[in-house]
Amino acid sequence: MEEATFRAFNFILSWGGVRIFAKNNKRRKLWFSLQIFNFVISLLALVFTCGFVIKNVSDLLLLLRGACIWGTCVILTMTLGIFLVYQKDMKIYLEHLAVDDAILEMPLINYLLQQESFNRGGKLKDLKNLVEQSQEKLSKFTRVLLMSYALVIFVTASLYLCDTIYEMVKRDDKSLRLFAFDMWFPWSVEDFNVYVITFIGHVYAAYLCICAYAGFQTTVILLVGQVVRQVRIMTFILSNLRCLAEEMHSLTGHDSAVYCTSVLIQCVQHFIRLKKADLSSDSNARILSPIVTIRRKSGAADDRRHRCCDNVRDQRLIVLY
């Protein structure tokens with residue numbers, strides 16, 4: 001994943017105190033405190049919008065306006081709550097899936113990426129291009145989507161704010177107390193200082209939507225996109241398994257049947273790791289142990305094929321090394 005993409009995600013999510021994309025989190029307690037503070041703000045915004053809806057239940061127009069803001073606050077509170085509760089799990093999953101790019105741990109993929117060029121075009125070259133280009137496209141797509149989404153939310157919230165300020169300036173009424181978003185407050189805002197603090201607080205809650213909406217939803221798109229990308233790569237491998245094995249045979253001289261067995265097990269191995277949502281090598285070894293081992297020794301191709309069949313249940317697979 002490109003460094004620019006991680007910086008963009010970290011910048012947006014940091015608005016809410018979320019640091020799952022941060023490489024180093026030296027001030028962890030400070031960021032965690034900010035995250036709790038933002039969740040409390042979103043919870044208060046939800047309560048205040050609920051109060052506005054209940055208070056104006058007899059007025060259909062105000063009820064609909066309040067319901068729109070209330071729905072936004074519901075998603076805001078749920079999203080920040082999810083980040084608060086599951087931040088550690090999301091960071092671990094993100095590191096294994098997006099940062100480390102678990103598909104590169106497959107020996108076949110690792111071998112192909114180490115090859116600078118191929119003598120002729122073929123499925124191996126197509127596979128290498130698919131791995132590299134799909135990662136680049138996903139990285140650019142999520143980064144552009146994130147920044148565009150965040151910009152739209154920022155402009156929308158700013159327009160609400162500017163409209164309210166314009167109305168107050170236009171009317172030139174010092175006793176007027178308008179808010180950008182319809183909310184009910186359990187305290188009086190007649191005092192100007194109280195009104196300013198309340199106004200800043202409810203606008204701050206509005207800008208938190210940048211983190212809650214753009215940050216969270218695009219992060220989910222990134223994670224799902226990585227899973228889809230890796231499944232797509234494995235589908236390509238399995239669909240062209242015979243051709244890939246024959247091309248590997250032409251490169252190394254070893255029996256193509258050995259590579260068919262090897263690559264098939266690698267795909268099954270990686271798919272189970274994705275299915276279990278646990279991409280660590282240690283846990284994966286426990287899931288699939290024992291696996292086939294084929295030690296390449298001198299001898300005829302038929303002998304190697306028979307050893308593969310005889311030892312498939314007893315040994316672990318080492319391929320391309």
Options Leu43, Leu61: the member that is in a helix (DSSP H, G or I) and surrounded by 14 or more Cβ atoms within 10 Å (Cβ to Cβ): Leu43
Might you let me know whether the range 84-102 holds any residue that is surrounded by fewer than 16 Cβ atoms within 10 Å (Cβ to Cβ), of a type in the set (Asp, Glu), within 30 Å of Glu247 (Cβ to Cβ) and under 21 Å from the mean Cα position of the chain (by Cα)? yes
What is the one condition in (1) closer than 20 Å to Phe11 by Cβ; (2) surrounded by 15 or more Cβ atoms within 10 Å (Cβ to Cβ) that Val155 does not satisfy? (2)
Any residue at all in the range 130-145 that is in contact with a helix residue (DSSP H, G or I) (Cβ under 6 Å, 6 or more places away or on another chain) and among the small types (Gly, Ala, Ser)? yes
Would you tally the residues in the range 1-57 being more than 30 Å from Arg229 (Cβ to Cβ), in contact with a Phe, Trp or Tyr (Cβ under 6 Å, 6 or more places away or on another chain) and aromatic (Phe, Trp, Tyr)? 2
State which residue is nearest to the chain's Cα centre (by Cα) when the search covers only the range 159-205 and only residues that are of a type in the set (Gly, Ala, Ser) and farther than 18 Å from Ser42 by Cα. Ser188
Need pairs with beta-carbon distance below 8 Å; first residue at pLDDT below 75 and within the range 253-278, second crowded, with 17+ Cβ neighbours inside 10 Å and of a type in the set (A, V, I, L, M); sequence gap 6+ or separate chains. His254/Met248; Ser256/Ala245; Ser256/Met248
Condition first: touching a residue at least 40 places away in the same chain (Cβ under 8 Å) and outside any helix (DSSP H, G or I). Now tell me which residues in the range 106-160 satisfy that. Met106, Gly122
Only residues in the range 29-56 that are more than 19 Å from Thr72 (Cβ to Cβ) count as the first member; pair them with residues that are of a type in the set (S, T, N, Q), Cβ under 7 angstrom, at least 6 apart or cross-chain, and list the lot. Trp31/Asn25
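The values are calculated or read from the model by the stated rules, or taken from the named source; none is laboratory data. Please read all numbers here as calculations on a predicted model, not as lab measurements. So basically every Cβ, Gly included, is an ideal-geometry build from the backbone, and we count neighbours across all protein chains shown.
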